[in-house]
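Novice: I have a structure here, written as structure tokens, and I will follow up with some questions on it.
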Amino acid sequence: MTAVLYDVSDGVALITLNRPERLNSWGPDIAAGLHAATDRAEADPQVRAIVLTGNGRGFCAGANLAAGADVPDTDGDSEKLSENAVAQLVGARHPYYLTELRKPVIAAINGACAGIGLTHALMCDIRFAAAGAKFATSFSRRGLIAEHGISWILPRLAGWGAAMDLLLSGRTFLAEEARELGLVNHVVQPEELLERATAYAADIAAHCSPVSLAVIKSQAYRDALDDVAAVSARAEALMNESLTRPDLIEGIVSFLEKRPPNFPPLTGERLST
């Protein structure tokens, strides 16, 4: 069985974690498949948005703890064993790489979302969740720490107090509470989840400039770490650049002509950010 499925329609790449028998728990197979799929979407000029979801009852129910069974021998060095186990389980990239993609990533959280699965979901740009879906950080209840950037993203989304509650208690909470805390943008009925998330992504693909999306996404994540004066100065320079692109003319003309815009695809050109 293929660990990660990939499909493209209407400018949207649908990436599906496909280990339903283990609630799509994270392991080397899921890691390699997801990284390959997002690379494929990032390189395809026809893809303008990405939807990430899971097959079955889980989005990603944390790490597949059995995945460390095949860690290579380290001559009894427990420190190296631990490092190898973590590296093999997590894969080549930490979850924050999703924030560095130039294209919007929309999570469609269909079910259990915990541990490293929750970290990946929070690193997506927009989150839809099925009503009743279960969430948990889980780390403190497994003798682990707040791993791979969740201590960076969670307070930014939910605020300090809520983040500390969820991280320290490791408790389970539902999609409805996640919405109240700002961790998900929309809670919908399970049978409507994928349709709603892909429709949202398709609307972005049809009506938004790929270059604008790439620059805005980079601005948002970078600007969160800087002071307002520096952010404003960078924004002015980026605005001046945007005035020279054909996307601006097409955006204005399509609005005046009351038609969908026909923005050029995102190419490999290096954008200022």
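Novice: Here are the criteria: (1) at pLDDT below 95; (2) touching a strand residue (DSSP E or B) at 6+ places or on another chain (Cβ under 8 Å). Tell me which single one Val187 does not satisfy.
Specialist: Looking at each condition in turn, Val187 falls short on (1).
Novice: Which of the residues that make up region 212-247 are at pLDDT 80 or above, in contact with a Pro (Cβ under 9 Å, 6 or more places away or on another chain) and either exposed (fewer than 13 other Cβ atoms within 10 Å of the Cβ) or outside any helix (DSSP H, G or I) (or both)?
Specialist: Listed by number, the list holds a single entry, Pro246.
Novice: Six or more apart or on different chains, Cβ atoms under 7 Å: show the pairs whose first residue is in region 34-51 and closer than 11 Å to Ile15 by Cβ and whose second is of a type in the set (Ser, Thr, Tyr) and part of a strand (DSSP E or B).
Specialist: Ala37/Tyr6; Arg40/Tyr6
Novice: Continuing with this model, one more query. If we only count helices (runs of 4 or more DSSP H) wholly inside region 82-186, which ones have 1 or more residues that are over 13 Å from the mean Cα position of the chain (by Cα), closer than 26 Å to Ala201 by Cβ and among the hydrophobic types (A, V, I, L, M, F, W, C)? Can you show your working first?
Specialist: Values: elements: 97-100, 116-123, 150-158, 160-169, 175-181.
Answer list for region 82-186: 150-158, 175-181.
The values are calculated or read from the model by the stated rules, or taken from the named source; none is laboratory data. Just so we're clear, the structure is a prediction, and the values are computed from it rather than from any experiment. Cβ sites come from the backbone with ideal geometry, for glycine too, and all protein chains shown count toward neighbours.
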